[in-house]
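Below is one structure, written out as structure tokens; comments come after it.
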Amino acid sequence: MDDMNMKTFDMPGIADDNAFFSSLRNTLADEVSSSAMLADLLQKVNRMQDSHKRPDEFKVRFDEFVVRAEDYMCVVGPFFPTLVRFLSLHRRVEELMS
């Protein structure tokens, strides 16, 4: 796990969303040795990416990912600031619209 634990990822712009989720998938592929666990985590990442512009669904998908990735927090931890920003971004948009 090289310097991955020290690295965080800035909130991607619209054009960078794919690169962010791709980086998360690549990191999981490098660090998760169980093929069944890796497949499940990658599926959850794909679902988060597919729903990241739909606040209610993203929250559900994020929660599912967090529960499943519990044993890999040192690997996925650097990605959490950006994932959480997706959540808070949705909240700000909802507040502005209400």
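For V84 and D50 in one chain, what is 0.36 nm times their gap in residues minus the Cα-Cα distance, to one decimal in nm?
Values: separation 34, 0.36 × 34 = 12.24 nm, distance 1.59 nm.
Separation in residues times 0.36 nm, less the Cα-Cα distance, equals 10.6 nm.
So how much slack lies between N26 and V66, counting 0.36 nm per residue of separation and subtracting their Cα-Cα distance, in nm? Can you show the working numbers first?
Numbers: separation 40, 0.36 × 40 = 14.40 nm, distance 1.72 nm.
Length gained, N26 through V66: 12.7 nm.
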If Rh is defined by the Kirkwood formula over all Cα pairs and Rg also comes from Cα, what ratio Rg/Rh do you get for segment 15-97?
0.98
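Bear in mind these aren't lab numbers, they're just calculated from the coordinates by the rules spelled out. All values reported here derive from a predicted model rather than from experimental measurement.
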